[in-house]
Amino acid sequence: MAMKITYDEKADAANIVFQKGKYHISKEIGEGVIVDYTKDGKIISIEILNVSKRVPTKSLKHITSVSIASA
């Protein structure tokens, strides 16, 4: 699976998905940064809340759904 980045303007949240799967636990590793882990500790995804306060707005307008293939 390719890594996928999405941005939801209404929720002001970005989501980076590294692999498909069911998450076992979510941990907030910083204010508004949530990491989902599998049962064996692998990262499935990272969600960033209030992302417009962290990233220039011009950059976010171009992200609706981006897939990045692994080498």
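The values are calculated or read from the model by the stated rules, or taken from the named source; none is laboratory data. If you're wondering where the values come from, they're calculated on a predicted model, not measured in any experiment. Every residue, glycine as well, gets a Cβ built from its backbone with ideal geometry; the counts of neighbours run over all protein chains shown.
Quick one: in the range 12-26, of everything that is loosely packed, with under 15 Cβ neighbours inside 10 Å and within 13 Å of the chain's Cα centre (by Cα), which residue is modelled with the lowest pLDDT?
In this case the residue turns out to be 20.
State which residue pairs qualify: first residue assigned to a loop (DSSP other than H, G, I, E, B) and inside the range 9-35, second residue among the basic types (Lys, Arg) and modelled with pLDDT of 90 or more in any location, beta carbons under 9 Å apart, and separation of 6 or more residues or different chains.
Correct list of pairs: 12/53; 18/42; 19/42; 21/42; 22/39; 23/39; 24/39; 32/53.
Would you confirm whether or not the range 47-57 contains a residue that is exposed (fewer than 13 other Cβ atoms within 10 Å of the Cβ), under 14 Å from the mean Cα position of the chain (by Cα), outside any loop (DSSP other than H, G, I, E, B) and at pLDDT below 95?
Taking every residue of the range 47-57 in turn, none turns out to be exposed (fewer than 13 other Cβ atoms within 10 Å of the Cβ), under 14 Å from the mean Cα position of the chain (by Cα), outside any loop (DSSP other than H, G, I, E, B) and at pLDDT below 95.
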